[in-house]
Amino acid sequence: MPTVVFRHKVGDINTWLKGHQDRVNVFAPVISGFKTFRDADDPNSIVLVVEVNNLELLGTIINDPKNQGLKDRHTVLDPITMSMEVELQVKNQGTKKESEYLKQPLRRAWVFCPGKIHLTPPSFVHNYRPQ
């Protein structure tokens with residue numbers, strides 16, 4: 001199930017937040033859940049991280065002219081940017097999504113400190129995950 005990130009602006013954050021249940025109802029057939037974020041510097045800039053079950057049907061819902069009224073009521077502004085997870089080529093391991101690659105235990109990592117470069121032992125790096 002792919003994770004998709006959507007970013008867009010809204011005309012009024014309070015109006016948009018009140019439409020949460022409408023978004024749940026419209027997208028329920030194609031998603032298993034989503035998280036909502038707001039930019040720290042711009043309260044009218046929204047990010048949705050969505051677990052998608054059916055990408056093709058999601059595109060149909062987003063582009064359906066019948067849903068334009070919903071976008072207008074919720075003050076959604078175009079453009080809506082959609083980002084997909086990147087697959088990485090990992091030497092001798094084939095293609096993996098970044099999240100799968102990060103689950104692999106790390107043997108060594110370079111830690112950069114001002115004026116120094118340290119090779120850390122595996123025990124230090126094993127639990128590290130980017131935020």
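Quick notes on this structure:
- L77 long-range amide H proximity, modeled H, under 5 Å: K9, V10, G11
- In this structure the amide hydrogen of R38, modeled in the peptide plane, comes within under 5 Å of the amide hydrogens of V47, none closer than 5 places in sequence on its chain.
- Translational diffusion coefficient of segment 3-84 (Stokes-Einstein, Kirkwood radius from Cα pairs, 25 °C, 0.890 mPa s): 190 µm²/s.
- Within the straight-line cut-off of under 18 Å between alpha carbons, the aspartates and glutamates reachable from K66 are D22, E56, D78, sequence neighbours fewer than 8 places apart in one chain being disregarded.
Read the figures in this text as sums done on the coordinates, not as results from a lab. Being a predicted model, the structure only gives us computed values, none of them experimental.
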